[in-house]
Amino acid sequence: MNIFADFNNRIKNAVEHIGLKTKDGNAVDLSRITVEPPRDPSHGDLATNVAMVLAKSAGRNPRELAGEIAEALKADADVAEIGVAGPGFINLRLSPTFWQARLKDMLAAGADFGRSELGGGQKVNVEYVSANPTGPMHVGHCRGAVVGDALANILAFAGFAVTKEYYINDAGAQIDVLAQSVLLRYRQALGEEIGEIPSGLYPGDYLVPVGEALAKEYGRSLKTMPEPDALEIARVAAIDAMMAMIREDLAALNVHHDVFFSERTLHAGNGGSIRSAINDLTLKGHVYKGKLPPPKGQLPEDWEDREQTLFRSTEVGDDIDRPLVKSDGSYTYFASDVAYMRDKIERGFDELVFVLGADHGGYVKRLEALAKALAGDKVALKVLLCQLVKLFRGGEPVRMSKRAGEFVTLRDVIDEVGRDPIRFMMLYRKSDAPLDFDFAKVTEQSKDNPVFYVQYASARCHSVFRQAKEAFGVEGMIARETMADYAGKLTDEGEQALIRKLAEYPRLIEQAAAAHEPHRLAFYLYELASAFHAHWNRGTETNDLRFVKVNDQELTYARLGLVQAVSDVVSSGLALIGADAPAEMR
């Protein structure tokens, strides 16, 4: 139950009850009413802007209107106190019985607490990672992998039908270079002295096993066959090996895609899919023959002042029109994008989400323009850009250089600090903000390490149940219904504050899904863990506030219900992030 949405409806009913109309006698617009936690908890449990957003259209003084709406809300049995603040905000404090009832709801819902029907089954495609299959994944790919995966999880939890997709860039010049690099390693495996890797080829040792596998399978035959045939064999072997490596790295990070889409399939049959997609754009009036103006600044070496086949993307929001066909008649990389996006649209997705690195910022407008040209307003498109991650070890920068073939791989980071710290910390900043990742700090066992602090809350919850079983000699799990039966005994302000924090979870899920901001979940979990640890510490100072009271089994059961709800939400949130909720920590 999203209590904020519930009270939004109650407030709208109060507005209708007082018969509020616009100055022209029409119904007032209720869509801008918000209900949220007040910034200062001392002001109440909920705050609403209802009077502020309706006063102007109704020709009323905001504070006077707030007083009238507040008077109508006093009839609500769940409202214990109500007041008007500032120019017209309404603050509500809800009754203890309301919060006790919410705890019962949480215990009944269990792992499904926070699950939403916001998405209504809408089909969403989330494409993320999509690293070129030219080598192992490095730490630069890590943030997009985590952001995309966590967002997809949250969207699914919020009621969307989600497909997690990886676009394999297995066509183009970089794949030709990869094939040439593998053939060089193949010659090396045959015993040839290859010397220093020529400039322009991939120098990493990760291609050595691929060359050795080719030598074992083909012997010396690749050296005698026509070069295009040998390159094609090397190309297929390299892509298969690199994608197997990438899948393993992603699995170690707990990232699993539903679809791996090959760019090469778009080029099959002399580019039939691409040609068809361009024809589709042409029929819609978005393709023409023309010349592009020279780019601002220094001209690139490959720029040509010639008539080209162009996508009229400026008419659908882009900065410049985009070439679709090269001078040699082959298709541009963007032409592949056209075919790929049309394929997604034809698969029936209602929304397309792309999670890209910050260096792809120039792609945003062209993707938005392409979606508009292909689908009009029928398909929504969202592009998330992930800023760079800077690596530190004890405050000292960790250097990496992909060009030299000596870079920090994703597996290096996973092996050193573990999956969970990576997943959590990659979300502990908004994706469009730079992020510093310190190997020492993310494994530190302190409040300053968010992932430790949240997982420690999970471990503490489990320890409470172990204490209770020992104190009361209970075998097995204590029934949720039993704990819920005594929820009315939770009257301490600290206990009620924890319930209020837990009650924010459904709203948080819907907000994170709607805004495509998975970092909100990491922030919330840290806040919840902080509230739980603070209440735990109160129990160490005051015996009456301890979760387990050996002389009061009914109160203990009530408090165990609160602990169970905290454990449920922490476990749920960490699962969506892609991390574990441990039962104990050593």
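The values are calculated or read from the model by the stated rules, or taken from the named source; none is laboratory data. These numbers come from a predicted model, not from an experiment. So basically every Cβ, Gly included, is an ideal-geometry build from the backbone, and we count neighbours across all protein chains shown.
Quick notes
- Hey, VAL353 in contact (Cβ under 8 Å) with a residue 40 or more places away in the chain and either out of contact with any helix residue (DSSP H, G or I) (no Cβ under 6 Å at 6 or more places or on another chain) or hydrophobic (A, V, I, L, M, F, W, C) (or both) or not: yes
- Some residue of the range 203-212 being closer than 24 Å to PHE260 by Cα, surrounded by fewer than 19 Cβ atoms within 10 Å (Cβ to Cβ) and without any contact (Cβ under 8 Å) to a residue 60 or more places away in the chain: yes
- Within the range 29-44, the residues that satisfy the criterion of being more than 18 Å from ALA531 (Cβ to Cβ) and either under 29 Å from the mean Cα position of the chain (by Cα) or aromatic (Phe, Trp, Tyr) (or both) are SER31, ARG32, ILE33, THR34, VAL35.
- Among the residues making up the range 552-567, a single one is in a helix (DSSP H, G or I) and among the acidic types (Asp, Glu): GLU554.
- Test for ILE239: is it modelled with pLDDT of 95 or more and either within 21 Å of TYR333 (Cα to Cα) or in a strand (DSSP E or B) (or both): yes
- Contact map, the range 220-242: first residue under 26 Å from ALA131 (Cα atoms), second residue loosely packed, with under 11 Cβ neighbours inside 10 Å and at pLDDT 95 or above, Cβ cut-off under 7 Å, separation 6 or more or different chains; the map is empty.
- Residue identified as loosely packed, with under 14 Cβ neighbours inside 10 Å and in contact (Cβ under 8 Å) with a residue 12 or more places away in the chain among ILE82, ILE18: ILE18
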